[in-house]
Every structure is written in C-alpha cells, then in structure tokens.
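A short worksheet on the structure shown next.
The values are calculated or read from the model by the stated rules, or taken from the named source; none is laboratory data. If you're wondering where the values come from, they're calculated on a predicted model, not measured in any experiment. FYI the Cβ positions are ideal-geometry reconstructions off the backbone, even for glycines, and counts take in every protein chain you see.
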Amino acid sequence: MDDQMDKSELLSMIRAERARWEALLVEVGEAQMTQAGVEGEWSVKDIIAHVTAYERWIVARLQSALRGETLRLEIDQLDLEQRNAWIFEENRNRPLHDVLAESKQVFQQVLKLAQTLSDEDLTDPHRLEPFLDPVWTDGLPVWKCLAADSYEHYRQHIPFIRAWLDKSMPNA
C-alpha cells in the first residue's frame, strides 16, 4: 500500500473496491449466500456480516474522534480470533436480508465519513490520535485504518469467495 493518499484517491478506491465486492456478491446470488464452507465454516452471509462489523466499528470510532471523544468498545479486549468468533456468533442466525441491508447502510456511512474527514484528518497520524485507541491505529494515518477496515478487508475475503464459487459452479 502506498504511504500517501488524499481524500479523492481514498474515496475512489473505496468506491471501486466496493463495486468489485458487490459484483462478486451478485455473482454468488442470494440463494447461495447462506451455504456454509466458504471460508472455514463461514458462509458468504457470515463474511458480509464480518466485514460490516469492522466497517461499523471504524465509523463509530472516527465519529467519536471527530467529536473529541474516545470510544472504548468491549470488543477491543478480545484478540482477533476471539473478535471474529464473537461476530460470527452474533450474526449467524440473522436473516440474510437484514445482513445485506445493514451492509449497504454501513457502507454509505463509511463513504459519508470519508467525505467528511479532511485530508489532514486522513493523513496526519497524530491529528486524531488523542481520541483513537493506539492498539487500533498502531501509529498509522487514519486513511490506512479506514482502508484496512473497508476495501482492504474486501480484498482479504474475495479470494475465498471466488475459490468457493468457482468450485461450486465448475461449468459456469
């Protein structure tokens, strides 16, 4: 990942990668989204809920920081594996329609937040630092944190969905 990115580039990247993500989800189709085994025991629905949880958290954290508040979440006390297991359990019985609707809604919040942040907010790792958990930001500029919990997160899961889809539809 590049070390520099301005707001326009970030917004473009977020939109482009979300379009790629959405195109893959259309290819999967809602009828197959609840089939387990895409990534471990997770279904595509589970992966969507997982990605949405991280997007929701980044929005909440950054909105709090912009208000001059520090957001502490109980989930922050869990390691990555525990956190992901918690997300899975919280969402496994939710209806697909609800997961998809929330995903679209939270993505719009990500876009709106990215549009709200100034270039300085995005690129100066110290600007919002007093209000962000250092374990979460790890000294990185906000744009890198936003990228990690949005479009880079799509990129992490797309290969699993693609491989599963190709295996389940070999003649397609």
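What the table below lists for this structure:
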quantity	calculated
Filtered residues of region 21-43 (kept if surrounded by 13 or more Cβ atoms within 10 Å (Cβ to Cβ) and in contact with a Phe, Trp or Tyr (Cβ under 8 Å, 6 or more places away or on another chain))	TRP21, ALA36, VAL38, GLU39, TRP42
Selected residue (criterion: farthest from ILE58 (Cα to Cα)) from residues of region 78-90 that are loosely packed, with under 10 Cβ neighbours inside 10 Å and not aliphatic (A, V, I, L, M)	GLU89
Subset tally (residues that are farther than 17 Å from CYS145 by Cβ, modelled with pLDDT under 90 and aliphatic (A, V, I, L, M)) for region 42-94	1
Restricting region 124-151 to residues that are of a type in the set (A, V, I, L, M) and over 15 Å from the mean Cα position of the chain (by Cα), the residue that is modelled with the lowest pLDDT	VAL135
Region 63-77, subset in contact (Cβ under 8 Å) with a residue 24 or more places away in the chain and assigned to a helix (DSSP H, G or I), residue surrounded by the most Cβ atoms within 10 Å (Cβ to Cβ)	ALA65
